Amino acid sequence: MVDVAADICGVHAQVAASSELMLGIRLREITRGDVREALWEKRTLVKTVGLRGTLHLFPAAEVPVWMAANRLRFPAEQKRLAKAGIDAEELNAVIEAIADMVGPEAMSRPELEARLEERVGGWATSTNQGWAGSYKNWPMALGWAAALGRVCYGPGHGGRSTFVSLSDWSGWREVDPAEAGIFVLRRFLHAYGPSTVAEFSRWFALEPALSKRLFGDLTDELAEVDVEGSRRWILRTDLGADSKPAGDSVHLLPQFDVFVVGSHPRDQLMDPTSAVAQASPGTAATFAVLLVGGRVGGVWERKPVAGRLRVRVGANRSLHRRQRDSIAEQAERIAQVLELRSEIEFGEVSLRRHL
């Protein structure tokens, strides 16, 4: 499980069930219970603020590297926040307060928020239209504190988030951000290459100039390839790797699956004229998608009904019997991960994005 989480560059965890499914569909026989055990008992996986400021699960041993790479974004982020009217001193005060407050014992979200308000005043819990709509300020500081290695998520209590000191929870070591950036670029190209500077920048939310520098630092390990007229880069060690055409294979992927987020070009991943693309321009990540031949070929949804999981699949093309049989098997596997039994049906699925 830890190896798979490493190979796919972390597991997107904005939706907990989706993160459990991302691992479950890539491994045999594990369930959500195994994922939770790895997170909260064995601590071989860590939940924290990762790529693009979103929640991710990372191998515990790699968290310091990913957090160091996240710090490459700090200078550009400081400029952006300054333009948005965010007071740097206020922000730093909240970051330091979070670092001082969390420890080895889980602290609930309401408790952390209340203590922050007591210590640093109302700025921490006030909303600011300048950085993320109407969100409060302190979660922004939480992302910075996470990148500095001060905090990560702890076990949930009653469905609510908790926070712990990362060094107490799984250990910490200092890593040079530039070296960490090279590590991340290698991982990205191995998982989602051949790719380009622009695509890596988008995936990691990094300034193009920094991405270009990382590619330059990795030049000796890269090979240029042509993919349908597009100039792309791949690790030299991956040039001889076996690859099989996707053909007409089918796959059910949960919302925010890392394959959908990491795959480029987007107009090859999904038809720009499709209903999915029209509903969510630029990305299909907000939907649970059906892949047909490696491309988005529909959506699906799941719903617990009387102790079973009803999976409904809406394909935007005709499916032959073997494909339907494969989808039924995958629906059963998805139910197993969620510790249920499945019911499968085919028909129209509403395009409701997860926001």
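General observations
- Sole residue being under 30 Å from ALA315 (Cβ atoms), loosely packed, with under 15 Cβ neighbours inside 10 Å and outside the structural domain of GLY297 (by TED's automatic domain parsing), chosen from SER195, SER230: SER230
- Candidates in segment 86-122 are the residues that are assigned to a loop (DSSP other than H, G, I, E, B) and of a type in the set (D, E, K, R); of these, the one that is farthest from the chain's Cα centre (by Cα) is ASP87.
- Check on ALA82, farther than 27 Å from TRP40 by Cα, among the hydrophobic types (A, V, I, L, M, F, W, C) and within 25 Å of the chain's Cα centre (by Cα): no
- Note on segment 211-256: residues that are of a type in the set (Asp, Glu) and in a loop (DSSP other than H, G, I, E, B) total 3.
- Checking each residue in segment 33-85 for being among the charged types (D, E, K, R), assigned to a loop (DSSP other than H, G, I, E, B) and touching a residue at least 24 places away in the same chain (Cβ under 8 Å) picks out only ARG43.
- Considering only residues in segment 1-16 that are free of Cβ contacts under 8 Å to residues at least 60 places away in the same chain and part of a loop (DSSP other than H, G, I, E, B), the one that is farthest from the chain's Cα centre (by Cα) turns out to be MET1.
- Some residue of segment 315-329 being among the charged types (D, E, K, R), part of a strand (DSSP E or B) and surrounded by 14 or more Cβ atoms within 10 Å (Cβ to Cβ): no
- Flag for ASP220 being within 24 Å of PRO177 (Cβ to Cβ), of a type in the set (Asp, Glu) and either surrounded by fewer than 19 Cβ atoms within 10 Å (Cβ to Cβ) or touching a residue at least 60 places away in the same chain (Cβ under 8 Å) (or both): yes
- Residue that is farthest from ALA61 (Cα to Cα), among those in segment 170-189 that are in contact (Cβ under 8 Å) with a residue 40 or more places away in the chain and in contact with a Leu (Cβ under 6 Å, 6 or more places away or on another chain): LEU189
- VAL299 in contact (Cβ under 8 Å) with a residue 40 or more places away in the chain and assigned to a strand (DSSP E or B): yes
- Answer from MET107, MET67, MET101 - the residue that is within 29 Å of VAL175 (Cβ to Cβ), in the same structural domain as GLU41 (by TED's automatic domain parsing), of a type in the set (A, V, I, L, M, F, W, C) and out of contact with any helix residue (DSSP H, G or I) (no Cβ under 6 Å at 6 or more places or on another chain): MET107
- Unique match (being assigned by TED's automatic domain parsing to the domain that holds GLY10 and within 30 Å of GLU41 (Cβ to Cβ)) among TRP144, TRP123: TRP144
- Residue count, segment 167-223 (criterion: small (Gly, Ala, Ser) and in contact with a His (Cβ under 8 Å, 6 or more places away or on another chain)): 1
The values are calculated or read from the model by the stated rules, or taken from the named source; none is laboratory data. The model shown is predicted, which means the values in this text are computed figures rather than measured ones. For neighbour counting, all protein chains shown are included, and Cβ atoms are generated from backbone atoms with ideal geometry for every residue, glycine included.
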